[in-house]
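Some notes on the structure that comes next.
The values are calculated or read from the model by the stated rules, or taken from the named source; none is laboratory data. Fair warning: this is a prediction, and the values are worked out from it, not measured in the lab. Neighbour counts are summed over all protein chains in view; Cβ atoms, including those assigned to glycine, are modelled from backbone coordinates with ideal geometry. Accessible surface areas use protein heavy atoms only, side chains included; no ligands, DNA or RNA. Shrake-Rupley method; radii C 1.70, N 1.55, O 1.52, S 1.80 Å.
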Amino acid sequence: MNKAPAFAVVGHPNKGKSAIVSALAMDDTVAVSDVPGTTKRHSAYPFEVDGTRLYTLIDTPGFQRPAEVLEILRKEPCPADKRFEAVRAFVRRYKDNPRFADEIELLTPIVEGAGIVYVVDGSKPYGSEYEAEMEILRWTGQPSMALINRIDESDFTDAWRRALSGYFHIIRTFDPMQAHYTQHLALLESMAQMDERWTASLKRSVESFTAYRKRQIKHSAETIARTVSEALCHTESVTIAADVPDESQKTMLMERYKESLRNMEAHAKTKIEKIWHHSRIQKSEDTLSLQNDDLFSEKSAELFGLTRKEIVTAGAVTGGIGGAGIDLLFLGHTMFLGGIVGAIGGGTAAYFAFEKLSDIEILGRKLGSYTMRAGPMKSRNFPYVLLNRLLYHTMRIATLSHAKRETLHLQPDTRFVERYLEESDRKHLETLHRKMRKCDEEAQKARLSYAEHLKRVLERKLLSQ
Ligand SMILES: Nc1nc2c(ncn2[C@@H]2O[C@H](COP(=O)(O)OP(=O)(O)OP(=O)(O)O)[C@@H](O)[C@H]2O)c(=O)[nH]1
Ligand SMILES: [Mg+2]
């Protein structure tokens with residue numbers, strides 16, 4: 001049997017109990033809402049790593065009639081050692097009485113052995129109406145702690161601390177809307193102190209939790225590295241009958257190519273959301289624009305930390321001519337291609353590469369046909385554009401509390417990568433981008449170092465806040 005401790009999160013209605021459960025269990029399926037009385041039944045949310053349960057949070061409805069319940073409990077004289085039993089008897093006796101439905105729901109897990117996490121809103125003044133519920137919790141004698149959650153800006157924390165200290169030994173502040181890893185760890189440490197029977201197990205949880213977070217970071221870094229590498233090497237081809245494609249064929253191919261790159265990015269983002277248990281988020285974001293400004297302008301290159309010298313010497317596009325028939329290139333017809341011409345002054349644009357296919361059998365007939373290919377991406381900025389967006393996405397998702405229900409606005413600015421990458425990181429990544437563009441065996445090795453490097457960059461940020 002698994003001995004992972006369970007904690008019932010209890011308190012007044014609408015004080016952030018479900019938000020706390022959601023944040024601590026890292027589960028965004030918990031119902032969090034500003035309508036008081038949202039949670040009607042108690043439900044358990046286990047937190048598991050590799051199939052091992054570390055702890056369980058139990059969401060509960062708020063107290064509705066604590067004074068009446070306390071009156072019933074106090075009717076008969078009851079020595080302290082019999083009070084737990086008295087509360088249990090109350091739960092049994094009033095199990096089907098709708099008058100105390102919420103109290104029965106919230107007390108059930110406690111009389112079954114759960115620890116108590118009592119939640120108050122530190123942005124509202126303390127009032128004696130909270131005393132009956134705190135007294136009931138004290139009657140149970142179960143290990144307990146109080147959590148002060150400030151829902152808005154006002155601060156009555158000191159008054160709350162004074163009041164709570166008469167009922168709880170451990171009092172902590174916690175903001176479920178900020179997914180601060182260090183705050184979460186500190187809270188687990190405090191929970192480990194609630195009862196010595198749980199200490200060892202919760203200490204192990206802290207270790208597993210840290211190891212788990214490192215794995216999440218590693219998987220995110222690998223996802224980003226794979227996506228950048230695949231997007232750099234991606235090509236789209238169509239076979240055409242004549243050596244001069246018509247406009248609609250070119251546009252179609254270019255749209256398909258762009259669409260594939262966008263899909264790669266979207267796929268990576270979904271993967272990252274899954275890694276961080278955020279599959280249900282509502283988000284508003286722009287898709288990868290693939291506009292000239294981002295991909296080919298010197299201004300963007302400078303933002304990514306590419307120096308003027310690097311741009312001039314290497315050109316805004318890298319590499320040579322991809323295909324045989326460079327004279328078949330029809331530059332300037334689409335915005336996208338126009339950008340290349342602008343960036344390199346009408347010179348070697350390897351964007352569209354046409355390779356003559358001959359002696360290829362199609363449907364049993366010999367055909368002299370041509371392949372029109374878009375890609376691989378030659379823009380020097382492109383891997384930075386993608387890296388910037390995916391790093392931004394990872395940072396936002398990894399630091400997003402599971403208690404948030406509002407739409408997440410994602411607007412990466414080009415300076416993000418600059419803020420996150422130091423000069424030495426950038427130099428290293430630039431070397432790796434160059435190797436990854438070769439799309440050969442060396443490129444695979446470069447991708448692994450790239451992932452390793454990104455992991456260190458992400459760890460620097462995500463393990464310290
Ligand atoms: N800004 C902010 N809002 C919070 C915080 N904690 C909770 N909320 C909001 O307060 C409202 C109530 O939160 P819930 O977690 O649903 O409260 P509850 O105690 O479970 O409520 P019931 O289930 O109705 O008893 C929700 O709109 C939350 O988004 C907080 O720390 N900061
Ligand atoms: Mg609730």
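Any lysines with Cα under 20 Å of the K75 Cα? List them, leaving off those in the same chain fewer than 8 positions away.
K75 reaches K95.
How far apart, in nanometres, would the label points at R53 and K274 be if each is projected 7 angstrom from Cα along the Cα-to-Cβ direction?
So the label points at R53 and K274 sit 2.6 nm apart.
Tell me the label-point distance for the pair R460, Q178, using the 7 Å Cα-to-Cβ offset, in nm and rounded to one decimal.
Taking the two extended label points, one gets 2.3 nm.
Tell me the label-point distance for the pair A242, E85, using the 7 Å Cα-to-Cβ offset, in nm and rounded to one decimal.
Modelled inter-label distance: 9.8 nm.
Just to confirm my numbers, what's the Cα centroid distance between segment 125-173 and segment 395-465 in Å?
Going from one Cα centre to the other spans 42 Å.
Using the Karplus curve 6.51 cos²θ - 1.76 cosθ + 1.60 with θ = phi - 60°, what ³J(HN,Hα) values do you get for each residue of segment 30-44, in whole Hz, with x for Gly and Pro?
Computed from phi, the couplings for segment 30-44 are 5, 6, 10, 7, 7, 7, x, x, 5, 7, 10, 10, 7, 9, 9 Hz.
Solvent-accessible area of T270, probe 1.4 Å, all protein chains present, reported in Å² to the nearest ten, please.
80
Please report the net charge: other residues with Cβ closer than 11 Å to the Cβ of K40, K and R +1, D and E -1. Walk me through the numbers before you get to the answer.
Values: positive: R41; negative: D59, D102, E105.
The answer is -2.
Roughly how compact is segment 74-116, stated as its Cα Rg over 2.2 N^0.38 Å to two decimals?
Details: Rg = 10.7 Å, N = 43, 2.2 N^0.38 = 9.2 Å.
With N residues counted in segment 74-116, Rg over 2.2 N^0.38 Å equals 1.16.
Decide, for segment 1-118, between rounded, prolate and oblate: order the square roots of the alpha carbon gyration tensor eigenvalues as a ≥ b ≥ c, take rounded if a/c falls under 1.5, and otherwise choose prolate if a/b is larger than b/c, else oblate.
On the way: a/c = 2.54, a/b = 1.44, b/c = 1.76.
It comes out oblate by the Cα gyration axes.
Could you report the accessible area of W139 in Å², rounded to 10, computed with a 1.4 Å probe on the protein chains as they sit in the structure?
Answer for W139: close to 10 Å² accessible.
Mind checking which lysines have their Cα closer than 30 Å to the Cα of K124? Skip sequence neighbours fewer than 8 apart in that chain.
K15, K17, K40, K404
State the percentage of accessible surface on segment 414-465 attributable to carbon and sulfur atoms; use a 1.4 Å probe and exclude ligands, DNA and RNA.
Values: 1420 of 2940 Å².
Summing carbon and sulfur atoms, their accessible area is 48 percent of the total for segment 414-465.
Under the 0.36 nm per residue contour assumption, what length would be gained going from the current alpha-carbon distance of D286 and C78 to full extension?
Working: separation 208, 0.36 × 208 = 74.88 nm, distance 6.41 nm.
Here the answer is 68.5 nm.
Which order do you get for R437, R172, R380 if you rank them by accessible area with a 1.4 Å probe, largest at the top? Mind dumping the intermediate values first?
On the way: R437 50, R172 100, R380 20 Å².
Heavy-atom accessible area, descending, gives R172, R437, R380.
Rank E230, E71 by accessible area, highest first, at a 1.4 Å probe radius?
On the way: E230 90, E71 125 Å².
Result, largest first: E71, E230.
By how many nm would the segment from E423 to H234 lengthen if fully extended, with 0.36 nm per residue of separation less the alpha-carbon distance?
Working: separation 189, 0.36 × 189 = 68.04 nm, distance 2.82 nm.
That pair, E423 and H234, stretches by 65.2 nm at full extension.
For segment 27-72, which whole percent of the accessible surface, found with a 1.4 angstrom probe, sits on carbon and sulfur atoms? If you can, show how the numbers build up before the last one.
Working: 1090 of 2240 Å².
C and S atoms contribute 49 percent here.
Which lysines does K258 reach when only Cα atoms under 16 Å apart count, and residues fewer than 8 places away in its own chain are ignored?
Counting by Cα, and skipping residues close in sequence, K258 has these lysines nearby: K250, K378.
How many angstrom lie between the Cα centre of segment 175-243 and the Cα centre of segment 1-67?
Value for the Cα centre distance between the two parts: 22 Å.
Using a simple charge model, +1 on the beta-carbon of Lys and Arg, -1 on the beta-carbon of Asp and Glu, nothing else, what dipole does segment 166-248 show about its Cα centre, in debye to the nearest 20?
Its charge dipole is roughly 880 debye.
Nearest 0.05, what FRET efficiency do R99 and E259 give at R0 = 56 Å with Cβ-Cβ as r? Walk me through the intermediate numbers first.
Numbers: r = 60 Å, r/R0 = 1.07.
The computed FRET efficiency comes out at 0.40.
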